[in-house]
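Note sheet for the following structure.
Nothing in this text is a laboratory measurement; each read-out follows from the coordinates by a stated rule. Worth saying up front: this structure is predicted, and the values here are computed from it rather than measured. Ideal geometry is used to build each Cβ from the backbone, glycine not excepted, and the neighbour counts take in all protein chains shown.
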Protein chains: 2
Amino acid sequence: MVQITGGSKADEMIEQFRLRCKEVGLKVTPQRVAIYKALLESREHPSAESVYRTVSNVMPSVSLDTVNRTLLTLAELGVAFVVEGTGDVRRYDAILEDHQHFRCIKCKRILDFHCDEFDNIETPEFLKDKCTVLRSSVYFEGLCNDCQGKESK
Amino acid sequence: MVQITGGSKADEMIEQFRLRCKEVGLKVTPQRVAIYKALLESREHPSAESVYRTVSNVMPSVSLDTVNRTLLTLAELGVAFVVEGTGDVRRYDAILEDHQHFRCIKCKRILDFHCDEFDNIETPEFLKDKCTVLRSSVYFEGLCNDCQGKESK
DNA sequence: CTCTGTGCAAACACTTTGCAGCTAA
DNA sequence: TTAGCTGCAAAGTGTTTGCACAGAG
């Protein structure tokens, strides 16, 4: 849906990425640029493995580890992010009643809360054409009070 | 949709669980009951490891594998579920503009879509007291058309 | 020239699988 | 009795860490 139009827009984003790196004091290595570019061009929320395969085509010497580390770096820089919830161990819930989740990105704790207005999110029509929605939820992410104060990474 | 109302009706829920097992032809083993009970009583969306520790207290002989398998079974039964997105490999996204995600629970693919009304989800006041929300999103889960037809589990 | 970033390999953490003995029905 | 479970151990997958060398600034 969201479209990155044309190649020039991508170039522009890569330029911004370079600036952002310098701003924070990170080196602009060919690997980082290639990985960011691959992520930008991917329309499928790739896993590290998937980005690795793409980057390997243009830079066969790159390692999966570098891809992993770089993607994490990109997320820290704020030029990319981790899709909500992914990367966590599996967690279960026996509460079947409507409720929403807040997840602390530091300690990984999940807080339940409930807000009537979020109970019946309507599935957009165009989504119904593409898939069968079984569950929908509103999801919040951030820092819980316990983790908020602590500066320890 | 199984609707269970009430709060301190753990025994009642366990009874329903027994019935549900029989209904589907699953044996009601002490392990299954203990694991379901532990999950019911936990208020923190536990991981398998966490449930395992709890159950170990009352049944030291259980294995982590059984806990893992049983939790998956509970999710299939519909008496519990996997918290949205958890258990997947980490996935990244370089699109910073507002958009929402649909995730196919079978092939794990993620579809982007965009719906204005979901862009500015307001954080409930009481949540603001408990944590600092950095991101909020509306999330849909189900089967994509490609997986829909296929009966292969 | 210096110090960060990279590639490699080993270590980890979590999950899944195969199998033999056990047990709920 | 017997099909379905469980416990154990091993294998699989994804992620992290430690280290020496390479290359960006």
Label-point gap, in nm, between residue B:44 and residue B:119 - each point 7 angstrom along Cα→Cβ: 3.9
Kirkwood hydrodynamic radius (C-alpha pairs) into Stokes-Einstein, region A:1-108, 37 °C and 0.692 mPa s, D in µm²/s: 208
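Tally the DSSP beta bridges in the protein assembly as shown and give the antiparallel ones as a percent, rounded to 5. Write down the numbers at each step before the final one.
Values: 27 of 35 bridges.
Approximately 75 percent, going by the DSSP bridge assignments.
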Debye equation applied to the C-alpha atoms of the protein assembly as shown, log10 I(q)/I(0) at 0.11, 0.13 Å⁻¹: -0.79, -1.06
Size of charge dipole - region B:1-132 - debye, nearest 20, with Cβ of Lys, Arg +1 and Asp, Glu -1, no other charges: 1020
Distance violations [Cα-Cα > 29 Å] among A:106/B:9; A:27/B:106; A:9/B:128; A:27/A:106; A:108/B:37: A:106/B:9; A:27/B:106; A:9/B:128
Approximate shape of region B:98-152 as ellipsoid semi-axes (Cα gyration tensor, √5λ), whole Å, largest first: 30, 13, 8
